[in-house]
1. Among the residues of region 80-129, write down those that are open to solvent by 10 Å² or more (accessible area, probe 1.4 Å), in contact with an Asp or Glu (Cβ under 7 Å, 6 or more places away or on another chain) and part of a helix (DSSP H, G or I).
2. Does A379 satisfy the criteria of being open to solvent by less than 10 Å² (accessible area, probe 1.4 Å) and more than 16 Å from the ligand (Cβ to nearest atom)?
3. Restricted to region 422-438, and to residues that are in a helix (DSSP H, G or I) and within 12 Å of the ligand (Cβ to nearest atom), which residue is most open to solvent (accessible area, probe 1.4 Å)?
4. Among (1) within 16 Å of the ligand (Cβ to nearest atom); (2) open to solvent by less than 70 Å² (accessible area, probe 1.4 Å), there is one condition L55 misses while meeting the rest; what is its number?
5. Could you grab me the full set of residues in region 279-301 that are crowded, with 24+ Cβ neighbours inside 10 Å and either β-branched (V, I, T) or within 16 Å of the ligand (Cβ to nearest atom) (or both)?
6. Taking the options L26, L21, name whichever one is of a type in the set (A, V, I, L, M, F, W, C) and surrounded by 12 or more Cβ atoms within 10 Å (Cβ to Cβ).
7. Given the condition more than 16 Å from the ligand (Cβ to nearest atom) and modelled with pLDDT of 95 or more, answer yes or no: does some residue in region 34-46 qualify?
8. Give H196, H206 a once-over and let me know the one that is open to solvent by 30 Å² or more (accessible area, probe 1.4 Å), part of a loop (DSSP other than H, G, I, E, B) and farther than 26 Å from G451 by Cα.
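The values are calculated or read from the model by the stated rules, or taken from the named source; none is laboratory data. Given the structure is predicted, the values throughout are model-derived calculations rather than measurements. FYI the Cβ positions are ideal-geometry reconstructions off the backbone, even for glycines, and counts take in every protein chain you see. Calculation scope for accessible area: heavy atoms of the full protein, side chains included, ligands and nucleic acids excluded. Shrake-Rupley method; radii C 1.70, N 1.55, O 1.52, S 1.80 Å.
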Amino acid sequence: MSSSNHFILALDQGTTSSRALVFDKLGNIHAKAQKEFTQYFPENGWVEHDAEEILETQYQVALEALTSLIDPSLVQAIGITNQRETTVVWEKATGKPINKAIVWQDRRTAQICSNIIAEGKANIVQEKTGLIIDAYFSATKIAWILDNVPNARSRAENGELLFGTIDSWLIYNLTGGKVHATDVTNASRTMIFNIHTLEWDHDLLHIFNVPIQMLPDVKPCNSDYGVAKIGDYNIPIYGVAGDQQAALFGQLCTEKGEGKNTYGTGCFMVINTGESVVNSNHKLLSTIGYQLAGEKVKYALEGSVFVGGAAIQWLRDGLKILTNAAQSNDIAQTVSDNGGVYFVPALTGLGAPHWDQYARGMIIGLTRATTDAHIIRAALESIAFQVDDLLTAIGKDLNEVVKTLKVDGGATANDLLMQSQSSISNIKVVRPKNLETTAMGAAFFAGLQSGLWQDVSELKQIWAVDHVFEPIQSDQWALKKTFWKKAVDRSKSWIE
Ligand code: ADP
């Protein structure tokens, strides 16, 4: 059924909006629709979504994208990518959630995690899942719902309730309750999935107190996930992956040592480590990169920076020295360097590889010669320095220098930032033409399954580069890196 005028519908269910994009065989985008949905912050540190609103917005944008096509029946398959770890528990009989979805950002189970760490479980959990015990992942969120919604635990044990991350929730509802499934990448973020055996793990289920009856089937990223009914259209769901992993595949980082960094609000780096799990000695996460049907799993190392592009947002909204983010490129270029100014944007603590929730933001090195342009330049460089810290940590864990970094996300529009990254890290920075890499990854999985594309080498033919940034005078950054390190050290443990 493969033909050049056939399409794939990608559903990109993110943290703040639901999106739908239609791709053709050449990777061109033919339709795009997007809807935001409500964020609930019922208590300090809590973040919730209404799973039904997520479904509704996702369904609406899918229908909108489909019906904007001249012939929607040419859509061969659906690929789903989603915000990861966010947890939904619903009734098997009615498909109704028993609680709001607990979002990945939600910290309510931090104490449960501390207790489990105090019981000495950190090693076994890390060995089996590749993860560091944290409220971020689904396991303790599931337990929280079971222990806080009346009768939920006994109902779950009786098989009346189902758990899913957002992909499973969408699949279950779009298939009319016929399929309860997830993919290996989403499963790898629950903290109850063994990334070596590729199964839900009895020891982990015991540690986190989650009944196995409520868990979805786990499949490769391209697989048969049932038929979605959207309006009058019945379309098979053939691809599923969590957002960062979908971006990894959308960037075609299919070999060991290849990786991508997303420069959005935060920065998310994922590097393919091949067919073996690389355990990190530098506080990075080991996770599943992706799995193609009938093939071995590709594993990955992952590190996240909390404040990336958000540092520029803060200059705009907090300091008000920018009117828009794009301006940062031009203003920063009015000075020849940072003038000795270093900005550690630890506005919400520091993520990988530092993991210091007590660190706070700092601008240091100010003199009477300092101008707003120096501060803006320092902010852009801070994004690149943080990404460099991740690259260095990953290089040490991998025992191999990462030579090329593919990039995506809003802040990749900034040429000065991209050039600084290349020079600071002495690395080729490759910016693709199509920056919709997350949706593209989901579409790639679905299209491989539907036969629109035959294999990865065919995908490589349609993946096009916009610009490659090469390092310039990298040695001149050595001294600046030592100042950056000094600044980061001073920002640590600030509010402890
Ligand atoms: P998210 O998906 O996390 O919302 P996006 O990928 O849309 O993020 O990127 C938005 C972020 O990128 C914002 O934090 C913004 O400040 C930053 N950003 C956007 N354009 C630029 C630019 N030209 N230079 C620097 N930062 C930018």
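1. Passing the criteria: I124, K128.
2. Values: open to solvent by less than 10 Å² (accessible area, probe 1.4 Å): yes; more than 16 Å from the ligand (Cβ to nearest atom): no.
Spelling it out, it is not the case that A379 is open to solvent by less than 10 Å² (accessible area, probe 1.4 Å) and more than 16 Å from the ligand (Cβ to nearest atom).
3. If we filter region 422-438 for residues that are in a helix (DSSP H, G or I), which is where we start, we get 422-425, 437-438.
Still in the running and within 12 Å of the ligand (Cβ to nearest atom): 437-438.
Working: T437: 3, T438: 33 Å².
Within region 422-438, the match that is most open to solvent (accessible area, probe 1.4 Å) is T438.
4. The one condition L55 does not meet is (1).
5. T287, I288
6. Going through L26, L21 in turn, just one is of a type in the set (A, V, I, L, M, F, W, C) and surrounded by 12 or more Cβ atoms within 10 Å (Cβ to Cβ): L21.
7. So the first thing to find is which residues in region 34-46 are more than 16 Å from the ligand (Cβ to nearest atom), and the list is 38, 40-46.
Still in the running and modelled with pLDDT of 95 or more: none.
No, there is no match, as no residue in region 34-46 is more than 16 Å from the ligand (Cβ to nearest atom) and modelled with pLDDT of 95 or more.
8. Working: H206 fails: part of a loop (DSSP other than H, G, I, E, B).
From the options H196, H206, the qualifying one is H196.
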